[in-house]
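The values are calculated or read from the model by the stated rules, or taken from the named source; none is laboratory data. It should be emphasised that the depicted structure is a prediction, and the values quoted were computed from it without experimental measurement. Every residue, glycine among them, receives a Cβ derived from its backbone with ideal geometry; neighbour counts consider all protein chains shown. SASA here: full protein model, heavy atoms, side chains in, ligands and nucleic acids out. Shrake-Rupley method; radii C 1.70, N 1.55, O 1.52, S 1.80 Å.
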Amino acid sequence: MDTTFPYDRYVTGRNFIGRRKDVMALEARVLGGESVAVYGEPRTGKMSLIQQMLMHAMTKEKHLVVADVDLLRERTGRGVLKTFVSAVLKSCASSPAEYPALVEEYLGGTHFCFDRDRFDDYGEMVCFRGTLADSDIDAAFSLPSKLASGLGKRLVVLVRQFQAVLDCEESFRLLSSMEQYVQQRDGVVSYIFTGSRLNGMREIFCIKRWFWRSVELIPLSPVDTADIVEYVRKEFQFRGKVIQPEFIELAVSALRGNMWYISHLFSIIDGVARGYVGKDAVPEGIDILLSIHGGRFYSQICSLTDFQLSLLRAVIDGETQLSSSRVVGLYSLNSAANVKRLKDALIKKEILWFDDEDVPHIQDPLFEYWLRKVYFER
């Protein structure tokens, strides 16, 4: 269904605003045979950026194919490898009739196999039988280059929810092997890594420095406020409605430029507004947003200890030196050592992230707004 201010899917074309330089930079690297990691806070447009770039890149590179590897449901090494291998093989096959021959040709002698019954009953392209061996891992991660070279393809391997590898018992073995093949830069395969857990992605690429010097890190640029204002104004104008720029700027500020929440907000406002959009539309729309997401936020709060809530309150109050004696005493945080434990817990829960200067940031802008206005009543 075509909707104004879409927020239920990735956006491309006229609904993709700003970040033109990000698109160009990402396209240049991928078409140049390099690998990248696109990271940022959840719901900030990572996949929209990637899809916009791929849509444009495929008009330039005729033999470009994309293997879409989604690790959302995977928690084991076997699961990761099956999903990876299946996506790569499917991207280069012209029909399912080719699956058995491809598996035999490129994965013969491993524990991967094609099972006709499993495919007919469950749609599983690849099965795995036996104990996971290092040779199986190497066979899986060497597959993109062998397949692309053998079939004359230019392959982009898009790995979504890549941080799920950290949840696997075999994470070190998986990352070690994958790093080896990504570093080869053979000119026929490029990788795009992305994921919705910012701290998980930072642990892989920034803290433990896997893929160091072989994967370019591309953080999302903020969408310019002027671009958002013009986009929203034109969409309302197209529907015969008028909204003042300052009302749009108010929403951008409150939601920290997060286009997912902004699109959801103005979709709500568009549904109730008639003609002129008044000054109360944005605050009332945000209240509706809070009523939609409030249950999720309350569940997050219920999972936190009193100490963790106190640390969040300090962040809301603008404190940055969380381990200082003043902050520890003011917010009853017990000790600097306890603050370290609290920070680690909130990082693991993907509520906070800390930049290179150790300044804390709340990942979700609407959650921050809810904490400030509703929970802590600031």
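Figures for the structure shown
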read-out	value
Qualifying positions in the stretch 134-154 - at pLDDT 95 or above and open to solvent by less than 20 Å² (accessible area, probe 1.4 Å)	136, 137, 139, 140, 141, 142, 143, 144
Single match in 78, 43 (criterion: of a type in the set (D, E, K, R), assigned to a helix (DSSP H, G or I) and touching a residue at least 12 places away in the same chain (Cβ under 8 Å))	78
Residues located in the stretch 127-137, provided they are more than 26 Å from the chain's Cα centre (by Cα) and within 28 Å of residue 188 (Cα to Cα)	127, 128, 132, 133, 134, 135, 136
Members of the stretch 53-75 that are in a loop (DSSP other than H, G, I, E, B), touching a residue at least 12 places away in the same chain (Cβ under 8 Å) and more than 13 Å from residue 156 (Cβ to Cβ)	71, 72, 74, 75
Residue pairs meeting the criteria (Cβ under 9 Å; at least 6 apart or on separate chains; first within 29 Å of residue 182 (Cα to Cα), in the stretch 117-142; second assigned to a strand (DSSP E or B) and of a type in the set (Ser, Thr, Tyr))	none
Condition broken by residue 14, with the remaining ones in (1) at pLDDT below 95; (2) over 30 Å from residue 240 (Cα atoms); (3) assigned to a helix (DSSP H, G or I) satisfied	(2)
Answer residue from the stretch 341-375, given it is among the aliphatic types (A, V, I, L, M) and more than 17 Å from the chain's Cα centre (by Cα) and is surrounded by the fewest Cβ atoms within 10 Å (Cβ to Cβ) among those	359
Considering residues of the stretch 47-72 that are charged (D, E, K, R) and modelled with pLDDT of 95 or more only, the residue least open to solvent (accessible area, probe 1.4 Å)	70
Some residue of the stretch 125-133 being modelled with pLDDT of 90 or more, in contact with a Leu (Cβ under 9 Å, 6 or more places away or on another chain), open to solvent by 40 Å² or more (accessible area, probe 1.4 Å) and not charged (D, E, K, R)	no
Residue list for the stretch 100-124, filter: more than 14 Å from residue 143 (Cα to Cα) and open to solvent by 90 Å² or more (accessible area, probe 1.4 Å)	116, 117, 120, 121, 122
Residue that is acidic (Asp, Glu), open to solvent by 10 Å² or more (accessible area, probe 1.4 Å) and not in a loop (DSSP other than H, G, I, E, B), where the choices are 22, 8	22
